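Encoded as structure tokens, here's the structure I'll be asking about.
The values are calculated or read from the model by the stated rules, or taken from the named source; none is laboratory data. Fair warning: this is a prediction, and the values are worked out from it, not measured in the lab. No Cβ is skipped: glycine too gets one built from the backbone with ideal geometry, and neighbour counts run over all protein chains shown.
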Amino acid sequence: MLGGELATIRDNRILYETCPLCGGADFKALVKADCSRHPLYHPSIGAAMRWCRCAGCGHVFTEGYFTDEALDLIFGKTHDHQSVGNNAERQRLVSARMVERVASYVADGHWLDVGFGDGSLLFTAEEWGFTSVGLDLRQGNVEALRGLGIESHCLDVERLDQAGRFAVISMADVLEHMPYPSVGLTAAHKLLRPGGALFVSMPNMDSVVWRLLDQARTNPYWGEIEHYHNFGRRRLYALLAEHGFRPVHYSVSERYRVCMEIIALRQDVAAEVG
């Protein structure tokens, strides 16, 4: 159980009473970081980010997740790189390599991108013959995507009532933003058609590069105000399996520093890990 300075941020974060993955009650303080230099920082939320490690499953997570009021303060503005169409030509090249890997497992159908940001993944998926659908909590992004003729919805993934519609669901740098990642994975499994593919990406704290950044005290992710979780490949693979997904491909991400990308198929599809 954490103590001390917790009360200073209690009103802005809903504290986890148990591990948000396994439900274990035994977790201890791991890292304390400063988030005051983050572009989305707001003084009312406090500058300290406190990370914990679960003694049971090893998961690393922040002490709590933001209240709705705090989220309104933090996400009242949008990063330029999260605006629809930002740096579209360069991002097309990055997204093309991602789509090409996914297309080797699922060739066509509806592609749902959760938290689509600049929209590049959806733009590029259309070039491979997929029908793109976007999901984002920023109303301005949703309207911008609709303006380009792409179906888009402004709601959480668990509220999308379209079971079995999608051939592919991408959650690129999304799960670590969710207070309870299991909610997102459960929804994705329901929304995917039989044989569908899930694409996820996020920082990989199992990477040696992560440890080098820790040694140099330059790891940006401990102070990443938008993240509630840090995953390694092993813990993520276990979580995917728990929710009916079988990882079939691993690669290093070109989008952000120290990140990994995984393609996983619904459990009903037999495949070998690549």
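Of all the residues that make up the range 212-266, how many are small (Gly, Ala, Ser) and closer than 22 Å to residue 166 by Cα?
First pass over the range 212-266, keeping only residues small (Gly, Ala, Ser): 216, 223, 232, 238, 241, 244, 251, 253, 264.
Still in the list and also closer than 22 Å to residue 166 by Cα: 241, 244, 264.
Number of matching residues: 3.
Can you find a residue that is surrounded by 18 or more Cβ atoms within 10 Å (Cβ to Cβ), among the aromatic types (Phe, Trp, Tyr) and over 19 Å from residue 57 (Cα atoms) anywhere in the range 230-241?
No.
Inside the range 71-103, can you point out the residues that are at pLDDT below 90 and in a helix (DSSP H, G or I)?
Passing the criteria: 71, 72, 73, 74, 80, 81, 82.
For residues in the range 52-70 being within 17 Å of the chain's Cα centre (by Cα) and either among the small types (Gly, Ala, Ser) or in a loop (DSSP other than H, G, I, E, B) (or both), which is nearest to residue 140 (Cα to Cα)?
Step one: list which residues in the range 52-70 are within 17 Å of the chain's Cα centre (by Cα), which gives 59-62, 64-66.
With the extra rule that they be either among the small types (Gly, Ala, Ser) or in a loop (DSSP other than H, G, I, E, B) (or both), the set shrinks to 59, 64.
Details: 59: 34, 64: 28 Å.
The residue in question is 64.
In the set 8, 62, 67, which member is modelled with pLDDT of 95 or more and either farther than 23 Å from residue 241 by Cβ or among the hydroxyl-bearing types (Ser, Thr, Tyr) (or both)?
Details: 8 fails: modelled with pLDDT of 95 or more; 67 fails: modelled with pLDDT of 95 or more.
Of the residues listed, the single one that is modelled with pLDDT of 95 or more and either farther than 23 Å from residue 241 by Cβ or among the hydroxyl-bearing types (Ser, Thr, Tyr) (or both) is 62.
Just name the residue that is surrounded by the most Cβ atoms within 10 Å (Cβ to Cβ) out of those in the range 49-108 that are of a type in the set (Gly, Ala, Ser) and closer than 30 Å to residue 25 by Cα. It would help to see each step written out before you state the result.
Taking the range 49-108 first, the residues of a type in the set (Gly, Ala, Ser) are 55-56, 58, 64, 70, 76, 83, 85, 88, 95-96, 103-104, 107.
The next check asks that each one be closer than 30 Å to residue 25 by Cα; those that pass are 55-56, 58, 64, 70.
On the way: 55: 14, 56: 15, 58: 14, 64: 21, 70: 19.
Here the answer is 64.
I would also like to ask the following. Determine if the range 145-159 includes at least one residue that is touching a residue at least 40 places away in the same chain (Cβ under 8 Å), part of a helix (DSSP H, G or I) and in contact with a Phe, Trp or Tyr (Cβ under 8 Å, 6 or more places away or on another chain). Even if it seems obvious, please write down each step before you answer.
Of all residues in the range 145-159, those touching a residue at least 40 places away in the same chain (Cβ under 8 Å) come to 145, 148, 157.
Narrowing the set further to residues that are part of a helix (DSSP H, G or I) leaves 145, 157.
Those left that are additionally in contact with a Phe, Trp or Tyr (Cβ under 8 Å, 6 or more places away or on another chain): 145.
Looking for residues that are touching a residue at least 40 places away in the same chain (Cβ under 8 Å), part of a helix (DSSP H, G or I) and in contact with a Phe, Trp or Tyr (Cβ under 8 Å, 6 or more places away or on another chain), one finds at least one in the range 145-159, hence yes.
Something else about it: Can you confirm whether the range 111-122 contains a residue that is part of a loop (DSSP other than H, G, I, E, B) and of a type in the set (A, V, I, L, M)? Walk me through how you get there before you give the answer.
Going residue by residue through the range 111-122, those that are part of a loop (DSSP other than H, G, I, E, B) are 115-119.
Applying the additional criterion that residues be of a type in the set (A, V, I, L, M) yields none.
No: zero hits.
Return the total of residues in the range 109-154 being buried (at least 17 other Cβ atoms within 10 Å of the Cβ) and of a type in the set (Lys, Arg).
1
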